[in-house]
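K.L.:
Take a look at the following structure, please.
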């Protein structure tokens, strides 16, 4: 059979080559498109050699680059730059090849576009008077069928070259062995990404492996079980990295079963025959790899399903233990040394969890660490030794042996430092980089904690601060949050209220961004961070949008708004809805991040958000300059708005520097000149291939800031001119009760482009409260993803309370109340009802009280009064300057110092309760939502009700 | 008579499209209308001339790739002109970049072509809206376009010519035109079509008819709103396409006929698209359909011996094929898809000199089958087998892929339309096994 199929494949290849030669020869002087189908680069090179030898006509070769955008133009350009060395070429007409082979389509990034445009301009190809041989693999052929149907129909049956199945099987086996070797070599420190193995989807190796499998299947050959098991491992890893957990587990399990049984059989056989081969060792190695990966699988599962965290970690532990046992039996202490830390890490997670498992885990961790220590000492594996010391420090901390913990943490740091000093290069680079990214911060945290317990508070703060600097929230959010929590406690206890508050905010943001926190509180929702690289997610547009937005049933709104920005017809969008419905959140955490990563017509989108309207020209100029700066462009058409040369700061990207320069314009040029500059800049932006999207958030503010229609007219005229500039989009977002104000825009400025119909149905976009059903599913979505489970009865009661009489749930209220539930770990209906007669109100009040508390007890009263001063009797939120607030505090006879007021204001703003309206002249403060006014006024002691 | 192999080889190249204006090509031309069921073109013409000569109508026309839509539209033009209509036929691919079309591009192309045609019969209109529009466009487009002191006709001609080759310019222009689509539509009606219709009627002619060919070539690319370009143009914005005040026929991509949006689109336009079918080579009962096969045989032989007459050609079959039955086999297995037939024929000529041996033809068929079957997914097989059994398809999106990938063919007989699996696939083991199971 072997010889037979090898020979028949050879015959078929020969026949295809003969046909190719004949077709090229017969098509001389005419255009003809010949498809050649070949899946393997190595084979293609062979065939091209043979063609060169066999073909009487010279075949020139054009290799497309991965950045090619067109086929026809690339060929044309190629023809112009080549000298085909043909005697018959006259001076006037360019020389032409006798035949042209085009290769490299499989590596073209924008293949669909290239094929699509080739299909459209197919008539142009007819002007090329020579045959073109197009080399394709099966994937390209498939895309050709879909994106260049007509062109494909111009070709006859593709000529097919292939390897014999035996050859394919041989190469598959060698790749599988290589994969296991690499993984054994790397150890258990992380899930080796496919990219490092050249196995990512789309890589040439990967594609050819897939082709080989298909070709083998079609040749009626089958994979032997061993190859099948290796393949299951590869597929398991793929599914695992895509977080398709069920599939991954199934593949891993199937693979493990094979290696285990094969090893058992081999063992039985060998002991029967009393021989000894290396077969068993090889099988056991692979079995060990699978045990490791099943352990890693459970670790990923623990992160994904936080409710099952402890049980999943327990499972992971079992697999790691089994894996190590296996290697110990095989006397492969080298592998035990490489794989043991996965177990230690998991034990630590279990130990920090709940009793009764915790104490047992601490004991086991201590034992495992001792084993690891002796193994790593024997091999002098310093990077792993440092981690062993880290675990010993954890154990010591758990036992309240502060002095011992301090010593181990110091040893860990010293070991890492020494390793770096001694071996600055070589193959350790990668593991040192990993240690820096994942472990240095951990060692510093351990040391800081010991120091704090030993009474060296300021030292501890310094250590934790460097721990924060050394660690990367992206790489290990759990560690990062641990560092921040520790730091915050220390700072607050020592009266550094402002610093403590900033750390707390940072912690909350990280928790929200990484899905540890279900609810965002009063502030607007921040864009979501990318997940841990060990659990890569596909980067689709949905992944960009903050989880809260996605989970909150607003994903579709983001998509619709995005489409409006991309459709030339929709110049203007007016978003309207009630206060606190999430307009700012959807813009900032949903639309803006999505816009930043989208292109339309190969144009980048530049979203410019303006949240307030005092000196709107300056604010807009500044926002445009900053937005462009962030993508490496310079706004140089704004002389009246950016009077100070800002190059130096732009270069360093320092926002602070930019702001400082903008605060004092040299001389105030007139409004007209500023508007003209803005328009000039927007026009110029077309040339930068941008679609500038001006987003006017909280646009109702504009009517407060400019109460006189005469003041408003310049903005309206600016708006009209914007709508006439290509590639400028405008979004106005405002509370629905101010919608009618927009009608005067039609009156004061002629908006011909939108048919003078600013409130037309094609322009308005409504955002409303959640229905109770939506709210329920939002809560479930949000809590499911974080480690925070709410009883069903509680969700129902909560939504009923939130919905109130009107039956709609205001998103901001949901976020505030939810955040309180989470902070106080209220997860049952009973606990909720124990809050009082009106639990919802209690929670909102608590949320306010928390912020007041964050200011520190010496400042609490000032904070309370300031909040009150930012409300008005009629339920609105007056804008007040710092000076006004200070004056009113004095009138209320509240003692305070300037630094105290500054601290209070900063914390109120930072908490998201109060908005700071940035001005070039002075800052204004305002409560963030009307919704909060009644809560603040309700609970205020009469002492400072002085304004009446 | 001797076979001229190089000429025959070139005549069979599947990339060759027949230009009826070319004398050599005309010899290759075969009129298939007698064997295609139903007279689609007659229906289109009847709707305009008989049912609604005075009220504007808007109709949609489509068919498989390379099945002769243009030829049929040209017939329609001749027919309507003989009845007194002024017909503007144009290939929209001349004015538009099919990868990137928006509604105002179509309007401007129509305005351009109608105006050009009217000028040729000395009807001059002065659309003031466009004069203003052009003035503003000059301001907008940063690259100088010299349309300052020119009238409507040269202005619009320059604009369409310039923007077709420059995606950049087109995109810029669109930024300005798209938000004003309704204004432009009204202006075309008010300042171009209505005056033209009045003058035509004053001259005792029937009204204006516009035949927009090649719009079926618009690319299937996704628009930013997640809709494909055909869906966006003909479904989402079909309302606007319909509002032109003259008789109009748009060719549309066949895919729309099989999309879930067919209902919505038909509602927008008030009628279903008319579809031109394939040349039938077998009947619903899987019997040979002799007239179709005869026509296809004639087509092959015309390419081999263009000079010879029909009778002579019959005697010359064995100069091209080892036996007459080999030619029959080729015709049957092509499924009546002309280009498919040429692809197979060309494949044979690539391998050996004529006369083409049956074995060589079978080899080509086998390889084509392998290539065709490679990417068919399991779900697609399920759909295919269902379609083959029922000879009809539902409006499912998936069927569209089957038709576009030429796995399934559409035919028409006196009982309406029916669907058959590509005969090459029908010979696969997979299909045969299924048939066994069915019986």
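K.L.:
Suppose the filter is closer than 21 Å to residue A:566 by Cβ, within 28 Å of the chain's Cα centre (by Cα), surrounded by 19 or more Cβ atoms within 10 Å (Cβ to Cβ) and within 14 Å of another protein chain (Cβ to nearest Cβ); does residue A:689 pass it?
P.N.:
No.
K.L.:
Further question: Being out of contact with any helix residue (DSSP H, G or I) (no Cβ under 9 Å at 6 or more places or on another chain) and farther than 30 Å from residue A:27 by Cβ is the requirement here; does residue B:284 meet it?
P.N.:
yes
K.L.:
Do we have residue A:736 as out of contact with any helix residue (DSSP H, G or I) (no Cβ under 9 Å at 6 or more places or on another chain), surrounded by fewer than 20 Cβ atoms within 10 Å (Cβ to Cβ), within 30 Å of residue A:795 (Cα to Cα) and modelled with pLDDT under 90 here?
P.N.:
yes
K.L.:
Further question on the same structure: Under the condition of being more than 20 Å from the chain's Cα centre (by Cα) and surrounded by fewer than 22 Cβ atoms within 10 Å (Cβ to Cβ), which residue from the range B:245-278 is farthest from residue B:417 (Cα to Cα)?
P.N.:
B:245
K.L.:
Could I ask something else about it? Looking only at the range B:359-377, decide whether some residue is away from chain A (no Cβ under 14 Å), part of a helix (DSSP H, G or I) and either under 25 Å from the mean Cα position of the chain (by Cα) or modelled with pLDDT of 90 or more (or both).
P.N.:
No - not one qualifying residue is present in the range B:359-377.
K.L.:
May I ask you to list the residues in the range A:22-54 that are within 14 Å of another protein chain (Cβ to nearest Cβ), surrounded by fewer than 17 Cβ atoms within 10 Å (Cβ to Cβ) and part of a helix (DSSP H, G or I)?
P.N.:
Within the range A:22-54, A:22, A:25 qualify.
K.L.:
On the basis of being part of a helix (DSSP H, G or I) and either within 14 Å of another protein chain (Cβ to nearest Cβ) or in contact (Cβ under 8 Å) with a residue 40 or more places away in the chain (or both), does residue B:267 make the cut?
P.N.:
No.
K.L.:
If you don't mind, another one. So residue A:584 clears everything in (1) closer than 30 Å to residue A:686 by Cβ; (2) at pLDDT 60 or above; (3) assigned to a loop (DSSP other than H, G, I, E, B) except one condition, right? Which one?
P.N.:
With (1) closer than 30 Å to residue A:686 by Cβ; (2) at pLDDT 60 or above; (3) assigned to a loop (DSSP other than H, G, I, E, B) applied to residue A:584, the lone miss is (3).
K.L.:
Which one is nearest to the chain's Cα centre (by Cα) among residues in the range B:159-188 that are away from chain A (no Cβ under 14 Å) and surrounded by 16 or more Cβ atoms within 10 Å (Cβ to Cβ)?
P.N.:
It comes out as B:160.
K.L.:
Tell me the residue from B:68, B:37 that is at pLDDT below 75, away from every other protein chain (no Cβ under 14 Å) and in contact with a strand residue (DSSP E or B) (Cβ under 6 Å, 6 or more places away or on another chain), please.
P.N.:
Result of the check over B:68, B:37: B:37.
K.L.:
Further, regarding this structure: Just need a number here: residues in the range B:174-189 that are touching a helix residue (DSSP H, G or I) at 6+ places or on another chain (Cβ under 6 Å) and either closer than 19 Å to residue A:684 by Cα or not in a helix (DSSP H, G or I) (or both).
P.N.:
Within the range B:174-189, residues that are touching a helix residue (DSSP H, G or I) at 6+ places or on another chain (Cβ under 6 Å) and either closer than 19 Å to residue A:684 by Cα or not in a helix (DSSP H, G or I) (or both) number 1.
K.L.:
Out of everything in the range A:110-165 that is part of a loop (DSSP other than H, G, I, E, B) and under 43 Å from the mean Cα position of the chain (by Cα), what residue ends up being farthest from residue B:253 (Cα to Cα)?
P.N.:
A:163
K.L.:
How many residues does the range A:123-141 hold that are out of contact with any strand residue (DSSP E or B) (no Cβ under 9 Å at 6 or more places or on another chain) and within 11 Å of another protein chain (Cβ to nearest Cβ)?
P.N.:
3
K.L.:
I need the full set of residues from the range A:142-168 which are in contact with a strand residue (DSSP E or B) (Cβ under 6 Å, 6 or more places away or on another chain) and within 11 Å of chain B (Cβ to nearest Cβ), in order please.
P.N.:
A:154, A:155, A:158, A:159, A:160
K.L.:
Moving on. Taking the conditions exactly as written (out of contact with any strand residue (DSSP E or B) (no Cβ under 6 Å at 6 or more places or on another chain), more than 16 Å from residue A:717 (Cβ to Cβ) and at pLDDT 90 or above), does residue A:681 satisfy them or not?
P.N.:
Yes, satisfied.
K.L.:
Could you tell me whether residue B:25 is at pLDDT below 85, over 17 Å from the mean Cα position of the chain (by Cα) and within 14 Å of another protein chain (Cβ to nearest Cβ)?
P.N.:
Yes, satisfied.
K.L.:
Scan the range A:607-633 and report the pairs whose first residue is on the phi > 0 side of the Ramachandran plot and at pLDDT 90 or above and whose second residue is surrounded by 22 or more Cβ atoms within 10 Å (Cβ to Cβ) and part of a helix (DSSP H, G or I), with Cβ atoms within less than 8 Å and a gap of 6+ or a chain change.
P.N.:
Nothing qualifies.
K.L.:
Out of the residues in the range A:1-20 that are within 14 Å of chain B (Cβ to nearest Cβ) and surrounded by fewer than 18 Cβ atoms within 10 Å (Cβ to Cβ), state the one that is modelled with the lowest pLDDT.
P.N.:
Per the stated criteria, the residue is A:8.
K.L.:
Can you find a residue in the range B:343-353 that is over 20 Å from residue A:26 (Cα atoms), part of a helix (DSSP H, G or I) and either within 13 Å of another protein chain (Cβ to nearest Cβ) or modelled with pLDDT of 95 or more (or both)?
P.N.:
No, because not a single residue in the range B:343-353 is over 20 Å from residue A:26 (Cα atoms), part of a helix (DSSP H, G or I) and either within 13 Å of another protein chain (Cβ to nearest Cβ) or modelled with pLDDT of 95 or more (or both).
K.L.:
Same structure, new question: Inside the range A:852-872, can you point out the residues that are touching a residue at least 24 places away in the same chain (Cβ under 8 Å) and surrounded by fewer than 18 Cβ atoms within 10 Å (Cβ to Cβ)?
P.N.:
A:858, A:872
K.L.:
Here is a list of conditions, (1) closer than 18 Å to residue B:178 by Cα; (2) not in a strand (DSSP E or B), and residue A:729 meets all of them except one; can you say which number that is?
P.N.:
The one condition residue A:729 does not meet is (2).
K.L.:
From A:322, A:305, A:314, A:330, which residue is free of Cβ contacts under 8 Å to residues at least 12 places away in the same chain, in contact with a helix residue (DSSP H, G or I) (Cβ under 8 Å, 6 or more places away or on another chain), surrounded by 15 or more Cβ atoms within 10 Å (Cβ to Cβ) and on the phi < 0 side of the Ramachandran plot?
P.N.:
None of the other options fit; the residue is A:305.
K.L.:
Looking only at residues that are touching a strand residue (DSSP E or B) at 6+ places or on another chain (Cβ under 8 Å), away from chain B (no Cβ under 14 Å) and outside any loop (DSSP other than H, G, I, E, B) in the range A:746-776, which one is modelled with the lowest pLDDT?
P.N.:
Restricting to residues being touching a strand residue (DSSP E or B) at 6+ places or on another chain (Cβ under 8 Å), away from chain B (no Cβ under 14 Å) and outside any loop (DSSP other than H, G, I, E, B), the top hit is A:774.
K.L.:
Hey, can you tell me all the residues within the range B:214-235 that are within 29 Å of residue B:52 (Cα to Cα), more than 10 Å from chain A (Cβ to nearest Cβ) and either at pLDDT below 90 or surrounded by fewer than 22 Cβ atoms within 10 Å (Cβ to Cβ) (or both)?
P.N.:
B:214, B:216
K.L.:
Also, quick follow-up: Test of understanding: among B:330, B:296, which residue is assigned to a helix (DSSP H, G or I), touching a helix residue (DSSP H, G or I) at 6+ places or on another chain (Cβ under 8 Å) and within 14 Å of chain A (Cβ to nearest Cβ)?
P.N.:
Residue meeting the stated conditions: B:330.
K.L.:
Another question, then. Would it be correct to say that residue A:710 is loosely packed, with under 14 Cβ neighbours inside 10 Å, at pLDDT 85 or above and outside any loop (DSSP other than H, G, I, E, B)?
P.N.:
Spelling it out, residue A:710 is indeed loosely packed, with under 14 Cβ neighbours inside 10 Å, at pLDDT 85 or above and outside any loop (DSSP other than H, G, I, E, B).
The values are calculated or read from the model by the stated rules, or taken from the named source; none is laboratory data. The shown structure was predicted, so the numbers you read here are calculated from the model rather than taken from an experiment. Heads up, the Cβs are rebuilt from the backbone with ideal geometry, glycines too, and the neighbour counts pull from every protein chain shown.
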